[in-house]
Amino acid sequence: MADHDPETDTLDELESKLKEARGRTKKRPEDTPPSKLGIAFRLSTEFVAAAVVGGGIGWGLDRLFGTMPVFLLILFVLGVGAGFRNVLRAAKEMNESDGPPSGPSA
């Protein structure tokens, strides 16, 4: 008579259940396209984060050197510029991942 290892039987059952569960799932979350709200949130976050970081660093440098609005204004403007650049780059990446437009040809 062959000895059956209870641990091996349990692992085999678990493996079969995992295969069954994986077969039932239709799409993984990374396969679904982002929603319009998600895209808008990402782009606005890219812009606001760059402006806040630039302004925060400028404020900190002004406090450190006692030159109150100089670095704040300069680095805030640079942060806004970096935010625009980040938004354009992110939008370009999203457009490239969508593929060519499928509208009527001219």
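Scan the stretch 20-41 for residues that are exposed (fewer than 10 other Cβ atoms within 10 Å of the Cβ), of a type outside the set (Ser, Thr, Tyr) and either modelled with pLDDT of 70 or more or closer than 29 Å to residue 88 by Cα (or both) and the total you get is 11.
Please verify whether the stretch 46-67 includes one or more residues that are within 30 Å of residue 34 (Cα to Cα) and among the acidic types (Asp, Glu). Checking the stretch 46-67: at least one residue is within 30 Å of residue 34 (Cα to Cα) and among the acidic types (Asp, Glu).
The values are calculated or read from the model by the stated rules, or taken from the named source; none is laboratory data. Since this is a predicted model, take the numbers as computed values, not measurements. Methodologically, a virtual Cβ is constructed for each residue, glycine included, from the backbone with ideal geometry; neighbour enumeration extends over all protein chains shown.
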